[in-house]
Amino acid sequence: MKLDNNINKISKKIIKEHKLCDNCLGRQFSKKIIKNKSLGSLIRKQIKVKQTRKSCFICEGMMANIQKNTNKIIAEIEKFECSTFMLGTILNSEFMEREDFIRAEYKIKGGETIKSEITKETSKIISQKLNKKVSLTKPDINILVDNIFDIIKITPKSIFIYGFYMKSIRGINQKKKRCNECKTKGCNTCNFKGFDNRPSVEEEIQKHLINKFNAKNIIISWVGSEDSKSLVKNNGRPFFAEIQEPAKRKVIFRNKKMNHGIIIKNIKILNKKPPTDYHFILEVKVNIKSNCSNKKKIKKLESQYKEKEISVFSTNKNKYFTRKIYSLEIKKIIDKRFSVKLICEGGINIKKLISGENNEIDPSFSQILKAKCSTSKRAPFDIYKVKLKNEQLIRLQNRK
């Protein structure tokens, strides 16, 4: 390969004043058809100047140690399951400044930067040795290397899952409760966890998923909530979870029985981050006690709430919104106690729908019956079905 005479001429001037390795010499005139190191060696042959053993003016020997440094990175990568990766490098500004000085001094334009070459060559070695692909958009892991301080930081991309949980024992919270003493800061009372020691669905799912993925943390997004004394039956309640910094990515799921009557089932890994606005339909059985003993009046609740839009006040957003009750069926009336099967949109506080507490729901059972109503203290309501609305089911199916 015959090089432009101007390249040879400039190279002679550079090498006369500064000792450069083949990589750093070739990079100043980088061409896509040939590697920088090969180009530097070719230039050196054509201008008849041998490779020096002295440290390179620009990289101070770093380019010669790429293979050795990459082996350290590979040792860290092998701790994680991945198919794709993206590499970023942190380089002391002095390296770039010395390269900029050479280019300004000899009026060189268009060459590749030292940072770019280190990143590119290191990525090639990793890809070839581990049979992994470089991805600049959606890598399984991000690798950040500080070449000066020998620091390697690997951050795996989060995995998102969708599944269902069931609960067969009353008295189990859905979410973990903050420690009353430290409010999640950590103290002796809570064993520095930040949460009290009462069992919860959240803690059981988190423990299982952390172990399954060898992950750093699990963040769960709930599709609605239930009382601690409620049961979750049939197919269970759906939930989403973000698996943060997982070391494992290839995981097989089976239905899992956990402590406190909790079961998780039908777990699927999603291809994308799930939606954050969950619209769902709820089927629930509610156990009610009331001052009203008029069976005909109680039975009229069925017609009063058929395809009925109710007004719900959100204390968080400080405004009213509407939710729909599709049907209500009276199941059993014994004296002043009765139970109902309710199918409605999510986002309705079932206890307040019954009691009318603080007039936050209109109309409430108490309001229609003109009698005080409340849910059973032992078994207020049980969840029989929770179903995402059609448009969200379609979006989820496209992520499988």
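What are the residues in the range 310-333 that are within 27 Å of ASN291 (Cβ to Cβ), surrounded by fewer than 13 Cβ atoms within 10 Å (Cβ to Cβ) and touching a strand residue (DSSP E or B) at 6+ places or on another chain (Cβ under 6 Å), if any?
If we filter the range 310-333 for residues that are within 27 Å of ASN291 (Cβ to Cβ), which is where we start, we get 310-313, 315, 323, 325, 327-333.
From what is left, the residues that are surrounded by fewer than 13 Cβ atoms within 10 Å (Cβ to Cβ) are 315, 331-332.
Hits for the range 310-333 are LYS331, LYS332.
For LYS331, are the conditions met, namely being within 25 Å of SER228 (Cβ to Cβ), of a type outside the set (Ser, Thr, Tyr), part of a helix (DSSP H, G or I) and touching a residue at least 40 places away in the same chain (Cβ under 8 Å)?
Details: within 25 Å of SER228 (Cβ to Cβ): yes; of a type outside the set (Ser, Thr, Tyr): yes; part of a helix (DSSP H, G or I): no; touching a residue at least 40 places away in the same chain (Cβ under 8 Å): yes.
No.
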| Considering ILE118, ILE141, ILE114, ILE126, which residue is surrounded by 16 or more Cβ atoms within 10 Å (Cβ to Cβ), among the hydrophobic types (A, V, I, L, M, F, W, C) and over 21 Å from MET62 (Cα atoms)? | ILE141
| field | Odd one out for CYS179 among (1) open to solvent by less than 50 Å² (accessible area, probe 1.4 Å); (2) out of contact with any Cys (no Cβ under 8 Å at 6 or more places or on another chain); (3) farther than 30 Å from PHE85 by Cβ; (4) without any contact (Cβ under 8 Å) to a residue 40 or more places away in the chain | value | (2)
| query | Consider GLY236 against the criteria (1) of a type in the set (Gly, Ala, Ser); (2) in contact with a helix residue (DSSP H, G or I) (Cβ under 7 Å, 6 or more places away or on another chain); (3) part of a strand (DSSP E or B): it satisfies all of them except one. Which criterion is unmet? | reply | (2)
| Say we look at the range 249-265 and pick out the residues that are over 17 Å from LYS167 (Cα atoms) and among the β-branched types (Val, Ile, Thr); which of these is least open to solvent (accessible area, probe 1.4 Å)? | VAL251
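Just checking, how many residues over the range 10-43 are of a type in the set (Val, Ile, Thr) and not in a helix (DSSP H, G or I)? Talk me through it step by step, then tell me what you get.
First, pick out the residues of the range 10-43 that are of a type in the set (Val, Ile, Thr): 10, 14-15, 33-34, 43.
Now drop any that are not not in a helix (DSSP H, G or I), which leaves 33-34.
Count: 2.
Which of the residues belonging to the range 61-85 are of a type outside the set (D, E, K, R) and either touching a Ser or Thr at 6+ places or on another chain (Cβ under 6 Å) or farther than 13 Å from ILE143 by Cα (or both)?
GLY61, MET62, MET63, ALA64, ASN65, ILE66, GLN67, ASN69, THR70, ASN71, SER83, THR84
The values are calculated or read from the model by the stated rules, or taken from the named source; none is laboratory data. In this text, all values refer to a predicted model and were calculated from it rather than measured experimentally. Cβ sites come from the backbone with ideal geometry, for glycine too, and all protein chains shown count toward neighbours. Ligands, DNA and RNA are stripped out before the accessible areas are found, and what is left, the full protein with its side chains, is counted by its heavy atoms. Shrake-Rupley method; radii C 1.70, N 1.55, O 1.52, S 1.80 Å.
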